[in-house]
Structures are given as C-alpha cells and as structure tokens.
Amino acid sequence: MLLLASGLTTGLAAPAAGAPARTSAAPALADGLALTPPMGFNNWNSTHCRAEFNEDMVKGIADLFVDKGLKDAGYQYVNLDDCWALPSRDAEGRLVPDPARFPHGIKALADYVHTKGLKLGIYTSAGTKTCDSAGFPGALGHEYDDARQFAGWGVDYLKYDNCNNQGVDARQRYTTMRDALKAAARETGRPLVYSICEWGQNKPWEWAADVGHLWRTTGDISDTWGSMLSILKQNLPLAPYAGPGHWNDPDMLEVGNGGMTDTEYRSHFSLWAVMAAPLLIGTDLRRATAATYDILGNKEVIAVDQDPLGRQGTVVSSAGGRWVVAKEMKDGSRAVALFNESGRPQRIATTAAAVGLPAAAGYGLRDLWRHETLHTAGTIAAAVPAHGTVLVRVFADRRWAAHPPAVELGLADAPFVQAGRPAGLTTALTDLGRVPAARVFVSLTGPEGWTVRPASPATAVAVPPGGSLRTRWTVTAPPGTPTGPHGLTLRARYSSPSGERVEETLPLTASVVVAPPSGTSYLSDLPWLTATNGWGPAERDTSNGESAAGDGRPITLGGAVYAKGLGVHAESAVEFYTGRACTSVTADIGVDDEKGDRGTVAFEVWADDTRVASSGVLTNAAPARPLTADVTGAQVVRLVVTDGGDGIDSDHADWADARLSC
C-alpha cells in the first residue's frame, strides 16, 4: 500500500506536561565553540583546485550569504579548501598564499569576510603535503607555526586533512594540532573551530571528543545518490558520540551540484539535519538555482540541525528501505524523518510513542517542507516518493483541536499500466486526526492523452477519524506510450469541523510496463523499472566502468569474460517488472576485475518486499559465485548491491549472465 501524509505547523506549542526533559552535556573542549553543528561553505565539492577558486569567488560567496539570507538562516563560515597556498614555504618556513588566487593575502580576505559578520576557514593536512596531487605544504612538524599564522591572519576554522601522514599515529598528529591551536589562541585571542578530517579510519568518535569540535566519520562524499546513501548508513549508528562541541561529520553537502535530483537533495539536506551534522554548502552559490536556495535556506529544517540540545537522530526502523529517524529536540518535540531509500514510492509509518513522545490526547504535526500544521491522534505516516524524505516535527499538543486533522493520501495498489489497456488503480484518503474530515473531494489526473475516470465515489460528506475514502479509478495510457514512469496527480479538499478548508496535492507515479516474455531472458535485454547506482549509471553487458554512460569494459570475474550481464556500483538497485509471471533469477556474481584487488560488496535479490537471496560480503579475491533466487509470484524483482559495510570506494559489482525465467 502506498499512502501520503499531508503536511503538518507554523508554530510549535510547548511540550505537554510529563514530556521527558533532557539536558545537554558540557562541551568536550569547554571552549564555547561549535555548541551547535557548524554551518557555512567549502569550495572543494564544486571547484576542487580549478582556477575559479580564488579571492573573487570567496568574496562573492560571502556577499551571497548576506544578500540571499543564508547568513540570517545561520550560515557563518566561508571556508577555503586545498590549493590556496604556494607549493613551497618561504625562507622562514611560513606558508605563502598563492598570489594569483589571493593577491591580497589571507588576512585581507579574512577582514573582508568579517566585515560581513561572517567567519573565514582554512585548510591544511596532518601530513607533509596536502591531498591535492600538486602537493602543497602540509602541517606535520609545523603545527605551532602554522596555527599561529592562521590565528594571526584572523582565521576562525581549520579543516585538518589526513594525506601524506608518514604513518604517524593519527591521535598523536591531531592532538598536536589541537595543542598548537590552543597555544595560538592564548597568544592572539582567536580560538579556531577544529575540524578533524581523518575519514573515520581510526574511529575518531571514540577518542576525539576532547581533541576536535567535529570529526569526519567517512571517506569523501561525491555528488551521487549511492555515495550519499552509503555515508548516511555509516554515520547513523554513531549518534551516541555526538553532542554540543563534538559532532559526527558525514562530509560536506552536495546540494545543487547537479548529480542528484531536487527530491534527492531535499533528502540529503533533511537527513544531514536530523543527524545534527555540520551543514557546509558545497555548491558554487553564484550559479545556484532558486530550488537550491530554497533547500539550503529552509529555516525550519535548519532549526532541526541547530537545536541546542544537540542530539543526533537515531533509527527507529528501516525495513524494506523505509527509514524512520527521530531526533529529540530541546522543547520536548521530535523531528522525524520518513526516508524512502528505494526507487519507487513507499508508505512509511510510525507512531508518536515509537519516536519517544508521551501519551497525549492529540499531537501537532509540522511538515517542515510544506510549512503547515495539522494534528494527528498519534499516527505519523506518509507515502514518500522514490528517494524522498518527509520531515516533520511532532509534539504533544493540548491545543490540537486548533489544527485541522491530518490525512493520508496515496495509492492503495501498485501503479502498473500497460499502454492501450485499461488498468484499475485505487486511491485512499485516510483521516489521521481526532475529528472527521468533512466535505471531502478527491480527484486524479494523468498526463496529456491519458484517460482517468472514477469507478466509485470520489466524494464524502465526512470521513471519520481512522476511516478512509477509497476510490477506484480506471486509468488508460494511450497506445504507444513509452515504458517507464509517468506522473499522476492526486488532489484532495476537505474541511475541519470549524470550517477551515484544507487542500492537499500528491504527485504520484504510474509505471508503463510490458509483460515479461515467456521462457528465459537475459535481464540486460529487458527494460528496467528503475536503476540507481553509486557511481555513474548502471550498464548493460559491460562493467560499471567510470562515471559516464557507456564507458564500461567487458564484464570480467576472476579472469572469465562474460558477454551478458549488468555492471553496477554500490550502492545500487535495479528493478524489473515481473507481473507475478516469473519464477527465478540466476547470475554469476562478484567484484569486477577492473578494480584490481579493491572492492567489497554484497548482493541481494528481493521479490517485492521480501529478500529471497543474499551473498554475504564478497571481495575481489573471491571467485565468481553462482546465485539463484526464487521469485515466484513477485510483481517486482529488485537486484541490490550494498557496500559491504566499508564505504563504496572501488565497489564495481557484476551480475554476470543474469537471467530471468518466466
């Protein structure tokens, strides 16, 4: 069943009496810095070391922080990444800003940023050289001089990377810089926020709370769905280690860089906020779209990230890619992310009790993307689009009756349509509140040329609490409609008992499909419903290759070359419509030889919502493994590759000779 919760408040009521009260612990470094996760900008994700990274860009970003309201929303740090310095120190051993990029030097740039009421950040590495291939000077052995130089320039934030570390113990290297920054602060009166960029290799969450203000928990993020998803899964379990002054850092934001959809970027931003992660913009704001500014500037989502209690959200449930992540807020409310990992819409539901709220007569629900408040009797639910996130703030509310009841809208059956043939779809409107939804009207529209007609009532005088208006529709896509997803729009209007009129709109997706062929077919010859991939697109009959479509190589496992199959990169999921007509999937699976001895993955086959085969973790050292899965009766078969639990680097996976029997 696929259903959608409506949007849910403009102001939060005080928590009900009896709501659990928790106070935050003292900051680990006790210096008053980073009591909430740092917010700002870093150029690396959008520019790397290209020439456009320069003084004019940095000043332009600072200007845009002010002009576009980002400063008012809480963004504070404008941070330089690698390549700001010359390749060699001067005769006195000091770092020298690149005069081509920064002709007026770093102090002048810091002064400019400070005039805007903002702060400047800088970068170096806890090694002999930084991470860029050009090899700029690192700080290993120069910690006290470099820290003094940074503070003297007026720098407010240091990102300290991990390249060229000469094998020196990580804790020793990062603690030395901590002590150097403290000494520089005593001399200059300028303390710096200290960002440990050690990539989580030595579990800094276990030892760095009194060393830095934040620490990277993963490798570098990239602007892909698979990368974001992998990092999310690595960072979520670390919630107990985060708090005021010491934060888990799942890396910078990719919002606006173009590799994901706006729906996926809203998920990225929502999930980083509910994880109390640093929010460092990684896109060139001079070229950002209005949609990007809307995402980055959403003050209600930012308030979740910046809540002074400093709790990181924890996982309530995650079955079938239907994630519920809840974050305790200082006022006793809960921020709840309903996140759909899968490539198709799914209903995700939980309750006020499950997310830790006390028993109450009613609850306010604030939808932080729709910016509206309704009430619920206790159910928190949404039909969440593929890769989407519904983020709500939920609170026990004595004044629940002042808000209209929340309703769920959605499809009650799978939206598969064959072109030229009528298909039946059922929509449902369910009252989640404590009072009836009155004068209910529901409509469903399709793309131009489609025919959509109600086959049962689409109106009701009232829908009682817990009740539903279910409407059957006959939907016909014109002959020749291409396979794939097509948009439908479900609309509802209803009134609260007080007469307040509420309108809800839910975009839906109907998939135009063809029946699977009889007999045995190679999956690479069949159309897929959806395909998500951790790096570049999924490939047919070649390996994953690099990042562009069609750049794969022959599928090769243990030296054996296969002419047919699917080449993917973790995290990946490829879905096929099987229409309850197929019985089995077979394949040889493994890590493609193109990555040498690197890569760690796990393969899964899902029949609808049931996992029917799992390989366990495979490495490149393992030979090709035969896999057979019973998919009898499944409407949809999904081939999944996960990262094996260690991130997605080099995770090129092959479904060699993958076949479907129907």
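Just so it is clear, none of the values below were taken in a lab; they were calculated from the coordinates. All values reported here derive from a predicted model rather than from experimental measurement. Methodologically, a virtual Cβ is constructed for each residue, glycine included, from the backbone with ideal geometry; neighbour enumeration extends over all protein chains shown.
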Signed unit charges on C-beta, dipole axis of the chain, positive-most listed residue Thr376, Val324, Asn165: Thr376
Positive-end extreme of charge dipole, the chain - chosen from Leu120, Thr474, Val66 (charges on Cβ): Thr474
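Can you flag which of Lys233/Lys327; Lys119/Lys233; Lys71/Lys159; Lys182/Lys330; Lys129/Lys233; Lys233/Lys299 are past 23 Å Cα-Cα? Walk me through the numbers before you get to the answer.
On the way: Lys233/Lys327 16 Å; Lys119/Lys233 31 Å; Lys71/Lys159 21 Å; Lys182/Lys330 31 Å; Lys129/Lys233 31 Å; Lys233/Lys299 25 Å.
Long pairs (Cα-Cα over 23 Å): Lys119/Lys233; Lys182/Lys330; Lys129/Lys233; Lys233/Lys299.
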Using a Förster distance of 45 Å, the FRET efficiency for Thr426-Ala548 (Cβ separation, nearest 0.05): 0.60
Total charge dipole magnitude, the stretch 404-514, about the Cα centre, Cβ charges on Lys, Arg, Asp, Glu only, Debye to nearest 20: 240
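Work out the FRET efficiency for Phe441 and Leu35 from their Cβ-Cβ distance, taking R0 = 51 Å, and round it to the nearest 0.05. Working shown, then result.
Details: r = 49 Å, r/R0 = 0.96.
After rounding to 0.05, the efficiency reads 0.55.
Take the chain, mark every one of the GluC sites (Glu not before Pro) that falls in a DSSP loop and has at most 10 other Cβ within 10 Å, then report the longest stretch left between them, sites excluded. Write out the running numbers ahead of the final one.
Working: sites that count: Glu92, Glu448.
It runs 93-447.
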Two-site label geometry, Lys299 and Gln201: point separation in nm, points 7 Å out along Cα→Cβ: 4.3
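Once R0 is set to 56 Å, what does the formula 1/(1 + (r/R0)^6) return for the Cβ-Cβ distance between Arg190 and Ala560, expressed as a FRET efficiency to the nearest 0.05? Before the final figure, lay out each step's value.
Details: r = 61 Å, r/R0 = 1.09.
About 0.40, to the nearest 0.05.
Would you mind calculating the relative contact order of the stretch 520-661 from Cα pairs under 8 angstrom and at least 6 residues apart, reporting the percent as a whole number?
Details: 431 pairs, mean separation 46.0, N = 142.
Worked out over the stretch 520-661, it gives 32 percent.
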20 Å reach of a label modelled at Thr474, 7 Å along Cα-to-Cβ, counting backbone N of the stretch 423-460: 423-428, 442-459
Simple label model, 7 Å out from Cα along Cβ direction - Ala402 to His114, nm: 4.5
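Whole number please: convex hull volume per residue, Cα atoms of the stretch 39-305, in Å³.
Working: hull volume 31.7 nm³, N = 267.
Taking the convex hull of the Cα positions in the stretch 39-305, it is 119 Å³ per residue.
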Cα lying deepest toward the dipole's positive end in the chain, options Val452, Ala34, Trp207, charges on Cβ: Val452
Cα gyration tensor category, rounded, prolate or oblate, for the chain with a/c compared to 1.5: oblate
About the Cα centre, charge dipole magnitude for the chain (Lys/Arg +1, Asp/Glu -1 at Cβ), debye: 2180
For the stretch 39-305, share of DSSP beta bridges that run antiparallel, in % to the nearest 5: 10
Radius of gyration and Dmax over the Cα atoms of the stretch 520-661, both given in Å: 13.5, 40
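Give me the extension gain from Val514 to Asp210: residue separation times 0.36 nm, minus the current Cα-Cα distance, reported in nm with one decimal.
Details: separation 304, 0.36 × 304 = 109.44 nm, distance 5.93 nm.
Result for the pair: 103.5 nm of gain on full extension.
Which whole-number percentage describes the relative contact order of the chain, with Cα contacts under 8 Å and a sequence gap of 6 or more?
Relative contact order, the chain: 12 percent.
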Lone cysteines, the chain (no partner Cβ under 4.7 Å): Cys197
Lys, Arg +1 and Asp, Glu -1 on Cβ, resulting dipole of the stretch 520-661 about Cα centre, debye, nearest 20: 420
Sequence-distant aspartates and glutamates (8 or more away, or on other chains) whose Cα lies within less than 16 Å of Lys203: Asp161, Asp169, Asp220, Asp249, Asp251, Asp646
Modelled label reach - Ala455, point 7 Å along Cα→Cβ, the stretch 417-440 residues with backbone N closer than 20 Å: 417-429
